[in-house]
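The values are calculated or read from the model by the stated rules, or taken from the named source; none is laboratory data. All figures in this text were calculated on a predicted structure; none of them were measured in a lab. Here the Cβ is made from the backbone with ideal geometry for all residues, glycine too, and neighbour counts use every protein chain on show. Protein only, heavy atoms only, side chains kept; ligands, DNA and RNA dropped before computing areas. Shrake-Rupley method; radii C 1.70, N 1.55, O 1.52, S 1.80 Å.
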Amino acid sequence: MKGLKIMLSVCLLALTTGIALAQAPNGTGRYYETADNTKGRELKTALFQIIKNPEVDSYDQLWVDYGYTDRREDGLLWDMYSGITNYEIGGDKQGATISKETSSYNREHSFPKSWFGEESPMYSDLMHIVPVDSWINSMRNNYPYGENNGEKNHSADYFSKLGKCTVSGYSGTVFEPNDEYKGDFARIYFYMATCYEDLIGSWKGNKDTDMLSGDSYTAYADWALPMLLRWSEQDPVSQKEIDRNRIVQIVQGNRNPFVDYPGLEQYVWGDKTDVAFIYDDYENAVIGEEPEEPMPVESSDPLEGEQTFVKVVSTMELEMGCHYLVVNEEASTALSATNKYSSTSIRKNAPVTITDNTIITETGADDKPYTLYIDGELGAYTLYDPIANKYLAQTDNTKNNLYDVDEDSELVMEGNDMALWKIKFEKGNVNIKNKDNGRYIFFNKSYPRFTTYQKYSEYVAPVQLYKHVVSDGVKPTQVKHRRTMDVYTIYGVKVRTARSITDALEGLPQGIYVIGGRKFVVR
């Protein structure tokens, strides 16, 4: 299952067993619970605490991310600045010359990077950086959004326009996106004002930031905020935004609440600032179309015979419940068995042949690669070795060891992070980072082996991830998650500890329960 599709499997289970997940829009569960019953300024700050500090991809990785976040139904690039472009994703990226509309596409900081001094994480925050035609991107420059007559410049058929602002209260030059996407950009701006509430008040002081107020709460100037509120109302949330929001969370771990809750901006700045926000009983909430049902996960049992593995280059390609090889391509080698004769816990390496980002090999033998069965959820993955029946962990920040821990160890129980890992991709490499102490899995070039280090050095090399491809005609076996989860009543009384949602729910009397951080109603 991909990232948030874990949530989908829970929803499907609820439908088939008569157990309903408490309603929050777009499968968000209890994500926004801590903002419950807040209003106005307090609501905005509560949302800031939920969505702040996104773990953004690198700026270069955005080219790859667009293949998932901004793909039209016909497979081409979704360009919100032009009505005539048909770019193939991955091709026609901006070159040295930009001759006309339809020449190439680029990464557009819809909230201009000059406004925040090109600082991180804003510089590569996928939520506001969208792919657009390069020529129109250049035309927009870093002018504020606004409304105009297009007398200075415009795209084909005036789809986007540049000119003197016609919104009351401002007469400078502004860029006007098409009506079809004004709401999209307004909600992006509401996100920026909220996600960076602690910073946006200081992004004021030059002619390029006439759209900003210099205040952390209002964020936008007196002429701009009412316009954005109007744009959002006139162009409601679309399925495109719902889908993009879901995928961005898979990439960087946060969401845009103004997409999940249409009209939420009115509770923060508009005519509902005296109305309390209720996260799971919101009057304007809409449930978007569910993502496609995930393929059944593989069995966690060891793989037998020759198998095929393909390279993974994006978080969106990372599926739960699959076998993976950890590889160092430069040395054509993959993670293998634990070195039983070493005084430290390390992983040996085994040779592999890589052809067109594909590896065909047997696994599990002493001189062959070992697969890791990856499961879990966003930002908290488990790496399970089905041959050794062990989880990979990092239990000592003073040593480089990559430890093996037993399946029933406390280290893999709920609440422990030593056997949990964060996984991010960058320039074809994968960063597998321990959630407890931040060490990364690398390949040691000097003493060939796989182990953990705090950072890159001349002695270590990055690793890549290759995913097992199930052959046609082979139906994978559904398996249970191996981590435990506690079951509580709504009053906080612990009922049981279980290893799967199915086990957790089995035989429970009618009532409301909290399981693995989500609320369930048993009927």
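Brief remarks on what is shown
- Protection proxy ranking of 329-340, 189-200, by the mean of other Cβ atoms within 10 Å over each peptide's residues and highest first, is 189-200, 329-340.
- Chymotrypsin sites (Phe, Trp or Tyr not before Pro) restricted to the range 330-421 and DSSP loop, no more than 13 other C-beta within 10 Å: TYR341
- Taking every alpha-carbon pair within the range 154-205, the share separated by more than 17 Å comes to 56 percent.
- Note on the range 401-458: Rg/Rh from C-alpha atoms, Kirkwood Rh, equals 1.01.
- Remark: spin-label model distance TYR453-ASP36 equals 4.6 nm, labels positioned 7 Å along the Cα→Cβ axis.
- Segments 396-402, 321-327 sorted - mean Cβ within 10 Å per residue, highest first: 321-327, 396-402
- Rolling a 1.4 angstrom probe over the protein heavy atoms with all chains in place gives the range 19-113 an accessible area of 44 Å² per residue.
- Extension gain for VAL522 to ASP179 (0.36 nm times residue separation, less C-alpha to C-alpha distance): 119.0 nm.
- Note that the range 335-380, at 4 °C in a medium of 1.567 mPa s, gets a Stokes-Einstein diffusion coefficient of 104 µm²/s from its Kirkwood radius over C-alpha pairs.
- Filtered trypsin sites (Lys or Arg not before Pro), the range 88-168: DSSP coil and at most 12 other beta carbons within 10 Å: LYS100
- Placing unit charges on the Cβ atoms only, positive for Lys and Arg and negative for Asp and Glu, gives the range 37-77 a dipole magnitude near 460 debye about its Cα centre.
- A rounded overall shape is assigned to the range 311-469, the ratio a/c of its alpha-carbon gyration tensor axes (a ≥ b ≥ c) being less than 1.5.
- Ellipsoid semi-axes in whole angstrom, largest first, where each is sqrt(5λ) of the Cα gyration tensor of the range 191-259: 24, 17, 9
- Long-range amide H partners of ALA219 with built H, under 5 Å: SER213
- R0 of 51 Å, Cβ-Cβ distance ASN142-ASN437: FRET efficiency to nearest 0.05: 0.80
- Cα gyration tensor shape of the range 360-405, rounded if a/c is under 1.5, else prolate or oblate by comparing a/b with b/c: oblate
- Ordering of 58-66, 126-134 by packing [mean C-beta count within 10 Å, highest first]: 126-134, 58-66
- Backbone HN-Hα couplings from phi across the range 142-147 [Karplus 6.51/-1.76/1.60, Hz, Gly and Pro as x]: 10, 5, x, 6, x, 10
- Spin-label model distance (nm) - ALA276 vs SER171, 7 Å beyond Cα toward Cβ: 4.8 nm
- Among the GluC sites (Glu not before Pro) in the range 71-133, those located in a DSSP loop and surrounded by at most 15 other Cβ atoms within 10 Å of their own Cβ are GLU73, GLU118, GLU119.
- Cβ-based net charge around SER134, under 14 Å, with every Lys or Arg adding one and every Asp or Glu removing one: -1
- Overall dimensions of the range 322-398 as given by Cα atoms, namely Rg and Dmax in Å: 13.1, 38
- Cα gyration tensor shape for the range 95-253, rounded if a/c is under 1.5, else prolate or oblate: rounded
- Residue by residue, the range 111-117 carries 3J(HN,Hα) couplings of 9, x, 5, 5, 5, 10, x Hz when phi is fed to the Karplus relation 6.51 cos²θ - 1.76 cosθ + 1.60 (θ = phi - 60°); x denotes Gly or Pro.
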